[in-house]
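> The structure is given below, and queries will be raised subsequently.
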Amino acid sequence: MPRLYGIQYLRAVAALAVVVYHATDRTGSRFTVGAAGVDIFFVISGFVMWTLAETRPTTPLRFYRDRTLRVAPLYWLVTMVMVAGALAGLFPRVRLTLDHVLASLLFIPHRSPSNGELWPLLVQGWTLNLEMFFYLIFGLVLLLPRSRRFTALAGALLILVAAGLVLVPSDPVLFTYTRPIMLEFLCGAALGRLWLTRRLPGRFFGGAAVLAASAGFAWLAVYPGMIHEFLFGLFAVLLVTGVLTLEKGGAVRRFPLLNYLGDSSYSIYLWHALAVSVVFKLAAMLAFSQFATAAAATLAGTLLGVLSYEILEKPLMALTKGRRPASSAARPASAEAAS
């Protein structure tokens, strides 16, 4: 695979957008559009899974093993930190039940006993429930001949979403796995097909797509009342398409800091909420302004994620892959690095 710095930069932007979203959540100046970082992640995931499966053939069992080892250990660790903190009284609003903790660890959608929402113990883990379900479907698709895989993947996801729209299930599992947001993975896979067959449009289209997506997100930031899951998905697909098109045309250059934040994005995504929560408590005691609170929370959330990446995620990846950790500066921004 060629170096895909654009994917790295999008991962960094998506993670930071989610951090800012949570950092402004309780300040009265919510950056609601930051939640679209999740949609960008889903499109990227579909793209990465498709390109890796096509360029590096694997079996379903090996795929499941690799995906579980990549996603689960760090998530389990953060979740158990949440359990320990709740038991110690650090999170007074968190109510622990065995079934909710187990469902969280097993990536099974379950209503939170704390607030009734369809959230795991680590709130942002709801996206991993969808991610792991997509992996389940994708692994089954790998059983088919290559010529039939995309059709099968598209059919499965479209049927699920159509069933959700018709039946409107209330069961947590059925409701989660039939959400229209699942189609963002499919769009990413479609982009993977276009990338590998060199059928993406030219650089002019790429620049226009990036500008259009950026304008769309800016519009939603100014008018948050217009925010809708469909628009988040549409602009996310447009943005990833534009960046990949520019990448194909050689218009994307390497920026070490963004590349590094892209590498760190999974750790930032998982750990930032803990740091944001601590900053909010300190800011209340010190009477920080809303802006200072949001800025401090964003910085703390990002730094905690980077720290986790260096001391936890990189060693875990090295352990599961049976090799020594490599420095981020030396590792290419390939599709593998983006997964």
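The values are calculated or read from the model by the stated rules, or taken from the named source; none is laboratory data. Keep in mind that this is a model prediction, so the values were computed, not measured. With ideal geometry, Cβ positions are generated from the backbone for all residues, glycine too; neighbour counts draw on all protein chains shown. Please note that ligands, DNA and RNA were not included when accessible areas were found on the heavy atoms of the full protein model with its side chains. Shrake-Rupley method; radii C 1.70, N 1.55, O 1.52, S 1.80 Å.
> For segment 195-205, just list the computed ³J(HN,Hα) in residue order, Karplus coefficients 6.51, -1.76 and 1.60, θ = phi - 60°, integers in Hz, with x standing in for Gly and Pro.
In residue order, the calculated couplings are 5, 5, 9, 6, 10, 5, x, x, 5, 4, 4 Hz.
> Counting every Cα pair in segment 1-158, what percent are over 20 Å apart?
60
> While we're on this one: Please report how far the C-alpha centroid of segment 286-317 lies from that of segment 105-160, rounded to the nearest whole angstrom.
Comparing the Cα centres of segment 286-317 and segment 105-160, I get a distance of 28 Å.
> Which ³J(HN,Hα) values in Hz, rounded to whole numbers, follow from the phi angles of segment 218-228 under the Karplus curve 6.51 cos²θ - 1.76 cosθ + 1.60, where θ = phi - 60° and Gly and Pro get x?
4, 4, 5, 5, 6, 10, x, x, 8, 5, 8
> Which value in Å is the Kirkwood Rh of segment 161-320 over different Cα pairs?
In segment 161-320 this quantity evaluates to 19.0 Å.
> Based on the alpha-carbon set only, what is the convex hull volume of segment 22-83 divided per residue, in Å³?
98
> Can you tell which of LEU52, VAL78, HIS22 lies farthest toward the positive end of the dipole of segment 1-90, using +1 and -1 charges on the Cβ of basic and acidic side chains (Lys, Arg; Asp, Glu)?
Checking the options against the dipole of segment 1-90, the answer is LEU52.
> Across every pair of different alpha-carbon atoms, what Kirkwood hydrodynamic radius in Å does the chain reach?
20.7
> Here is a further query. Relative contact order (percent) for the chain, with alpha-carbon contacts under 8 angstrom and 6 or more residues of separation?
For the chain, the relative contact order is 31 percent.
> Report, in cubic angstrom per residue, the convex hull volume of the C-alpha atoms of segment 274-314.
48
> At 1.4 Å probe size, with every protein chain present, just tell me what the per residue accessible area of the chain comes to in Å².
I get 47 Å² per residue for this part.
> Where the centre of each part is set by its Cα atoms, how far does segment 170-242 sit from segment 1-63, in angstrom?
Value for the Cα centre distance between the two parts: 11 Å.
> Shifting gears a bit: Under 10 °C and 1.306 mPa s, how fast does segment 166-232 diffuse according to Stokes-Einstein, given a Kirkwood radius computed over C-alpha pairs? Answer in µm²/s, whole number.
Translational diffusion coefficient: 108 µm²/s.
> Moving on to the next point. Pairs of Cα atoms under 8 Å, at least six residues apart: use those to get the relative contact order of segment 116-218, whole percent.
Taking the mean separation of contacting Cα pairs over the length of segment 116-218, I get 21 percent.
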